[in-house]
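Comments concern the structure below.
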Amino acid sequence: MTQHTTTRDGLSVRGVGKSFGSGGRAVSVLRDVDLEIADGEFVAVVGPSGSGKSTLLNAIAGFVEPDDGEILVNGEPVRGPGPSRCVVFQEYAIFPWLSVRKNIDFGTRLRAWRGSKQERARVTARYLDMMGLADFADALPKTLSGGMRQRVAIARAYAVDPEILLMDEPFAALDAQTREQMQEALVDINQRERRTVLFVTHQVEEAIFLADRVVVMSARPATVQEIVDVPWGDRRTHEIKTDPDFVRLRRRIETLLRSSAH
Ligand SMILES: Nc1ncnc2c1ncn2[C@@H]1O[C@H](COP(=O)(O)OP(=O)(O)OP(=O)(O)O)[C@@H](O)[C@H]1O
C-alpha cells in the first residue's frame, strides 16, 4: 500500500481493490472503492448479495489486506487489526463464560483505562442501563435470547470506545420484531454516545432508519455506485418508516440496487 500524509478525523478508504485467488481463478471483489466517513458519522453500506460488503468491512478491520489503495483511520494507515476498530458480527461474539456485566467490563479494560475501579464499574453500569441489560447483569450469555446477546455485544463495543465501530449484519439472525427493537436500541445508544459507525446490511429499510448516509455498492467487483444522504437527523422512530419521504428514499435505493445487480 502507498503511504499517505493527510491527517483527517474519521475513516478514509482510497482506491481500494481486492481479489481472491490467483491466475484464471482470481475473483475481483472490490475495485477502486473510495469512501470518506467523518468522525461521528453513521454510514450504512448496502449492495447486491456477494458483492463484497463484508470484504470491505474486513479490510477496514484489518482482517483482509487490500491489493490496491489505502485505508486510513484518523490519518493512520490500517496495517492489521488494532484497537482503533471494533467489529460487531452477526454471530454473538461475546464470551460465553463471562456474565453480561463482565463481558461489558472487558470492553472498558480494552481501552487504555486511566480511571479508578469504581469509575470503571460506573461506566459498565451505564452501558448495562443504556442497552436495557441491568436486570441481566449477572446472567451468563447462554441464558439470554439472541437479541439480548447482541445487546451485550453492542454495549461492549461502545464500552471499548474505538475510533470506528464496524457492524457486519449484526441483526440478520434476529426475528423481525427483535430486529426493530435492536434498531431502536442502537439509535438510542448512538444518539447518546455519538460514534463513527460503518454498518453493513441487506435491508435498505434498516440502512435508512439507522444511518446519516447510505453507501450503495455495485455488483462484484464492487465499487461505490452512489452515496445517498438521509435527511432526518435524530428524528428516528419506527413511525418514520411509513413517512412518504422514507418510502421514496427506500424505493430509490432499491431501484439502484436492482439496476446494479446482474
Ligand atoms: N477469504 C476469501 N477467500 C476467497 N473468496 C472470498 C473470501 N472472502 C470473500 N470471498 C468472496 O468474495 C465475494 C464477496 O464476498 P463478501 O462476503 O464480501 O460479500 P457480501 O456483499 O458481504 O455478501 P453477502 O451480501 O452475501 O453477505 C464472494 O464471492 C466471496 O465468496
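Rule-based calculations on the coordinates, nothing more; no lab input. Please read these numbers as outputs of a predicted model, since none were measured by experiment. Reconstructed Cβ throughout: ideal geometry from the backbone, glycine too, with neighbour counts over all protein chains shown.
The condition (being in contact with a His (Cβ under 7 Å, 6 or more places away or on another chain) and closer than 21 Å to D168 by Cα) is satisfied by just one residue among L35, L72, L57: L72. Scanning segment 18-54 for residues that are near the ligand (Cβ under 9 Å from one of its atoms), buried (at least 21 other Cβ atoms within 10 Å of the Cβ) and more than 14 Å from M167 (Cβ to Cβ) turns up K18, V29, L30, G47, S51, G52.
The residues in segment 130-170 that are among the polar types (S, T, N, Q) and closer than 18 Å to I189 by Cα can be counted, and the count is 1.
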